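The values are calculated or read from the model by the stated rules, or taken from the named source; none is laboratory data. Owing to the predicted nature of the structure, the values given are computational and were not obtained by experimental measurement. All Cβ positions, glycine included, derive from the backbone under ideal geometry; neighbour counts span all protein chains shown. In case anyone asks, the SASA skips ligands and DNA or RNA and just uses the protein heavy atoms, side chains included. Shrake-Rupley method; radii C 1.70, N 1.55, O 1.52, S 1.80 Å.
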Amino acid sequence: KQEVTQIPAALSVPEGENLVLNCSFTDSAIYNLQWFRQDPGKGLTSLLLIQSSQREQTSGRLNASLDKSSGRSTLYIAASQPGDSATYLCAFRLSGSARQLTFGSGTQLTVLP
Amino acid sequence: NAGVTQTPKFQVLKTGQSMTLQCAQDMNHEYMSWYRQDPGMGLRLIHYSVGAGITDQGEVPNGYNVSRSTTEDFPLRLLSAAPSQTSVYFCASSYTGLAAYEQYFGPGTRLTVT
């Protein structure tokens, strides 16, 4: 069974810092992965989607990478802002069960003004 | 487009009651699914559907029922509510073709069973 771990569970940084959120997984037969943002009491907003054949994807101040051999994905946030405060979730879709997402439990990010 | 919509936003049930959580999408997505989110456990898949008339079980299907009579709607039924079903429920949808399964989520239904 695919296990997905996100470390740290919570992170607090001052505004303007660059930061990295980590996501590790146990099964390298990845079809793709998705990073989501969840604000308190809200649904999930898709941030980035990386196919298994890709190494990274970028959107604005966000960059997500995928390293299947080491079982890791990272989400890099440049020049963090208080509006980035949210919980960030990674989710993987395995080859062969490509319809099912397996989620990590998330990293709760607080960016202090 | 409204995207994925869910009703109600909040619900309180007594143990043993039944109810239906509604989910609709207007993006003509073939694939729809239901997840529950519990503290410290991430999101877990309850049921999913790859098209009208086709449903299948996910990781935690017990106590829940689904049907898919149209492409747009995918209701989740709680047959006899239990306190263990207190959770936040999310509906999601995506294409199943070469659009690579990027999933779109609804705003959630917060359910409390007393």
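Probe of 1.4 angstrom, ligands and nucleic acids ignored: what's the accessible area per residue over the stretch B:2-78, in square angstrom?
46 Å²
Within 10 Å, at most 16 other Cβ atoms, and a DSSP state outside H, G, I, E, B define an exposed site. Report the longest part of chain A free of exposed trypsin sites (Lys or Arg not before Pro).
Numbers: sites that count: A:1, A:42, A:55, A:61, A:68.
Between exposed loop sites, the widest span is A:69-113.
From the Cα gyration tensor of the stretch B:1-43, with a ≥ b ≥ c the square roots of its eigenvalues, which class applies: rounded if a/c is under 1.5, or else prolate if a/b is larger than b/c, or else oblate?
Values: a/c = 2.36, a/b = 1.48, b/c = 1.60.
Note, shape of the stretch B:1-43 comes out oblate.
Regarding the protein assembly as shown, what's the average projected area of the Cα-atom convex hull, expressed in nm²? Spell out each step's value before the answer.
Working: hull surface 49.1 nm².
The number I arrive at for the protein assembly as shown is 12.3 nm².
Determine the residues within the stretch A:70-113 where the difference in accessible area between the chain on its own and the full set of protein chains amounts to at least 30 Å²; count protein heavy atoms only and use a 1.4 Å probe.
By number: A:93, A:99, A:100, A:101, A:103, A:105.
Using +1 at the C-beta of Lys and Arg and -1 at the C-beta of Asp and Glu, which of B:109, B:5, B:24 has the Cα lying farthest in the positive direction of the dipole of chain B?
So the residue furthest toward the plus end is B:109.
Roughly what would the spin-label model give for residue A:53 and residue B:57, points 7 Å off Cα along C-beta, in nm?
Between residue A:53 and residue B:57, the label points sit 3.6 nm apart.
Are there residues in the stretch B:63-112 whose accessible area shrinks by at least 40 Å² when all protein chains are included rather than the chain by itself, and which are they (probe 1.4 Å, ligands and nucleic acids not counted)?
So the qualifying set is B:100, B:101, B:102, B:103, B:105.
With a 1.4 Å probe on protein heavy atoms only, tell me which residues of the stretch A:26-66 lose at least 50 Å² of accessible surface in the complex relative to the chain by itself.
A:44
Could you please state how large a percent of the accessible area of the stretch B:1-56 is carbon and sulfur, counting protein chains only and using a 1.4 Å probe?
Numbers: 1400 of 2690 Å².
Roughly 52 percent, rounded to a whole number.
What does the C-alpha gyration tensor say about the overall shape of chain B? Classify as rounded when a/c is under 1.5, otherwise prolate if a/b is larger than b/c, or oblate. Walk me through the intermediate numbers first.
Working: a/c = 1.76, a/b = 1.70, b/c = 1.03.
The shape class here is prolate.
Dipole of chain A, Cα-centred, from +1 at each Lys and Arg C-beta and -1 at each Asp and Glu C-beta, to the nearest 20 debye? Working shown, then result.
On the way: 9 positive and 8 negative charges, 76 e Å.
Using only the charged Cβ atoms, the result is roughly 360 debye.
At a probe radius of 1.4 Å, what is the per-residue accessible area of residue A:102, in Å² to the nearest 10?
30 Å²
In Å² (nearest 100), what accessible area is buried between A and B, both sides summed, heavy protein atoms only, 1.4 Å probe? Write down the numbers at each step before the final one.
Numbers: alone 5980 and 5990 Å², together 10330 Å².
The summed interface area works out to 1600 Å².
Counting other Cβ atoms within 10 Å, keep those with at most 11, restrict to DSSP loop, and tell me which trypsin sites (Lys or Arg not before Pro) in the stretch B:3-37 are left.
On the way: sites: B:9, B:14, B:36; in loops: B:9, B:14.
Passing sites in the stretch B:3-37 are B:9, B:14.
Could you please state how large a percent of the accessible area of the stretch A:1-73 is carbon and sulfur, counting protein chains only and using a 1.4 Å probe? Please list the in-between numbers first.
On the way: 1780 of 3760 Å².
Ligands and nucleic acids excluded, carbon and sulfur give 47 percent.
Hey, in the GNM for chain A with a 10 angstrom Cα cutoff, which one of A:62, A:49, A:89 fluctuates hardest?
Between A:62, A:49, A:89, it is A:62 that shows the largest mean-square fluctuation.
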